[in-house]
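Below is one structure, written out as structure tokens; comments come after it.
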There are 2 protein chains.
Amino acid sequence: MNFLEEKILQDGVIKEGNILKVDSFLNHQIDIDIMRQMAYEFKRRFRGTAINKILTIEASGIAIATLLGHLYDVPVVFAKKSQTANSTDDKYVAHAYSFTHKKMNNVFISKPYLHDTDKVLIVDDFLADGEACHALIDLVHQAGGEVAGIGIAVEKGQQKGGGELRAEGYHLESLAIVEEMDWQTQTIRFRKQPEQTLVNPNLHS
Amino acid sequence: MNFLEEKILQDGVIKEGNILKVDSFLNHQIDIDIMRQMAYEFKRRFRGTAINKILTIEASGIAIATLLGHLYDVPVVFAKKSQTANSTDDKYVAHAYSFTHKKMNNVFISKPYLHDTDKVLIVDDFLADGEACHALIDLVHQAGGEVAGIGIAVEKGQQKGGGELRAEGYHLESLAIVEEMDWQTQTIRFRKQPEQTLVNPNLHS
């Protein structure tokens, strides 16, 4: 069990209707030590991947995106959400359905902040059906950039987002994948993630 | 001229109607080096002040709040905005008019994340009429906590927020105070801020 799975078991609250509340450390109050560990763990998992921009969507993704930007020393961009369709002349616009708020959002980024030379690490706090994530991918592609990877704090393993993104060939790293949870017993089973086998490069020198 | 004033002159865009756009480094794309300097500068200006929580409001304040939480090693809380009045049983709720979106927002924090023992540093990217800031102060006081200070990136010096907060006795530090700006010439005049005189404590030892 990793640090995030342990924290979820300790401080997460399971609500009826397949809802996992992590308000106390991830998306209302921010446990800065957990955030730092997440940033370091993403950097470890994406080692060897060239990244020159961190991309997220407002609001909960901004904290982890900021600490990752700090570690990588690259700019952070957060996509904005709006229900209104303003002028799209100077914006890349995609669409995402929010299950939390039960409405369709426009997700947009001003054109000067995404480029065809960008190698983008997309990060977010939750991945469920992948609506927000696919919207962010769409924005990167509209600009001609490359999605270098996708880093998610908590993936809901029984919803379709993670499976689809992996099938589409993206390098997706979710720090905790909730396979099953039960609000009556407050129990969670996490998907076991394979350990990466690393070869010490010095052995070959 | 400090680093933020310099950055605003270099990359800010003045629009008709007293609008200063700092999207390229502060509230859409985040220049991580400017953010880090802001965090260090706030910590310097609030030296000697006991702080055990950083408070901001979604979304643009989250990046600077996160880096400050990282520096102070304390939890960060971001207040949420909503137009709907859900159950308020478990929330502190205040109200703030948004001039950007021309609507009244409920601003709320779940009760477990603010306490009567909290010494809160409130941070935000902009201060104009002080609506958001006064809502955050209200939330801290509802919980019985103390506002230890208020740190603002860009204060619009001709609007009433800064003057009111200082008159109310809050320790307000704004890294850049825009005194005048002109969109036709793209010129900005910043308020000159007094240098603090420091006494080396070792002289007395």
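Quick notes on this one:
- Spin-label pair B:GLU146/A:HIS101, simplified geometry with 7 Å Cα→Cβ offset, distance in nm: 3.7
- The residues of the stretch B:110-132 occluded by other protein chains by 10 Å² or more of accessible area, set against the chain on its own, are B:SER110, B:TYR113; surface from heavy atoms, 1.4 Å probe.
- At 0.692 mPa s and 37 °C, Stokes D of chain B from Kirkwood alpha-carbon radius, µm² per second: 185
- Taking the label point 7 Å along Cα→Cβ, B:GLU164 and its counterparts in the other copies are spaced 4.5 nm apart, in ascending order.
- From helices alone, the protein assembly as shown scores -8000 deg cm²/dmol at 222 nm; the rule is -39500 (n - 2.57) for each run of n ≥ 4 DSSP H residues, then divide by the residue total.
- 3J(HN,Hα) along the stretch B:166-178, derived from phi through the Karplus expression 6.51 cos²θ - 1.76 cosθ + 1.60 where θ = phi - 60°, amounts to 5, 5, 6, x, 6, 7, 9, 10, 10, 5, 9, 10, 7 Hz, with x in place of Gly and Pro.
- Karplus 3J(HN,Hα) series, Hz, for the stretch A:121-129 with 6.51 cos²θ - 1.76 cosθ + 1.60 (x for Gly, Pro): 9, 8, 10, 7, 6, 10, 10, 10, 8
- Exposure ranking of B:MET104, B:MET35, A:MET181 by accessible area [1.4 Å probe, largest first]: B:MET104, A:MET181, B:MET35
- Neighbour net charge for A:GLY157 - beta-carbon separation under 13 angstrom, K R +1, D E -1: 0
- Label point distance in nm, B:ARG47-A:GLN193, each placed 7 Å from Cα along Cα→Cβ: 4.1
- Values of log10 I(q)/I(0) for the stretch B:132-185 across q = 0.16, 0.17, 0.21 Å⁻¹ run -0.53, -0.58, -0.80, by the Debye formula with one identical scatterer at each alpha carbon and no solvent.
- The stretch B:55-205 - share of DSSP beta bridges that are antiparallel (%, nearest 5): 45
- Sequence-distant residues sharing a close amide H with A:PHE126 (under 5 Å, placed H): A:ALA153, A:VAL154
- Three semi-axes of the equivalent ellipsoid, the protein assembly as shown, Cα gyration tensor, whole Å, largest first: 34, 25, 23
- Lysines with Cα under 27 Å of A:LYS119, excluding same-chain neighbours fewer than 8 positions away: A:LYS43, A:LYS53, A:LYS80, A:LYS81, A:LYS91, A:LYS111, A:LYS156, A:LYS160, B:LYS7, B:LYS21
- Prolate is the label for the stretch B:1-59, because a/c, from the alpha-carbon gyration tensor with a ≥ b ≥ c as root eigenvalues, is 1.5 or above and a/b exceeds b/c.
- Of all beta bridges that DSSP places with both ends in the stretch B:122-195, some 25 percent have antiparallel geometry.
- Part-to-part distance (alpha-carbon centres) for the stretch B:32-46 and the stretch B:47-81, which is given in Å: 12
- Virtual spin-label span in nm between A:LYS119 and A:ASP138, 7 Å along Cα→Cβ: 2.7
- At most 15 other Cβ within 10 Å, DSSP loop - GluC sites (Glu not before Pro), the stretch B:112-189: B:GLU168
- Cα gyration tensor, the stretch B:1-117 - rounded (a/c under 1.5), prolate or oblate: oblate
- Accessible carbon and sulfur surface of the stretch A:109-186 relative to its total accessible area, %, 1.4 Å: 44
- Look at the Cα gyration tensor of the stretch B:86-205: its axes a ≥ b ≥ c give a/c of at least 1.5 with a/b at or below b/c, and that counts as oblate.
- Within the stretch A:41-115, antiparallel bridges make up roughly 75 percent of the DSSP beta bridges whose residues both belong there.
- Distances in nm from B:MET1 to the matching label points in the other copies, shortest first (labels 7 Å along Cα to Cβ): 5.5
- Accessible surface for the stretch B:1-63, divided over its residues, is 40 Å² per residue with a 1.4 Å probe.
- For the chain pair B and A, the buried solvent-accessible surface (1.4 Å probe, both sides summed) amounts to about 2700 Å².
- What separates the A:ASP73 label point from its copies, with the point 7 Å along Cα to Cβ, is 2.4 nm, written shortest first.
- The chymotrypsin sites (Phe, Trp or Tyr not before Pro) of the stretch A:88-149 meeting both criteria, a DSSP state outside H, G, I, E and B (loop) and at most 15 other C-beta atoms within 10 angstrom of the site's C-beta, are A:PHE99.
The values are calculated or read from the model by the stated rules, or taken from the named source; none is laboratory data. This one's a predicted model, so the numbers in the text were calculated from it and none came from an experiment. When we count neighbours, we look across all protein chains shown, and the Cβ atoms used for this are built from the backbone with ideal geometry, even at glycine. For accessibility, only protein heavy atoms count, side chains too; no ligands or nucleic acids. Shrake-Rupley method; radii C 1.70, N 1.55, O 1.52, S 1.80 Å.
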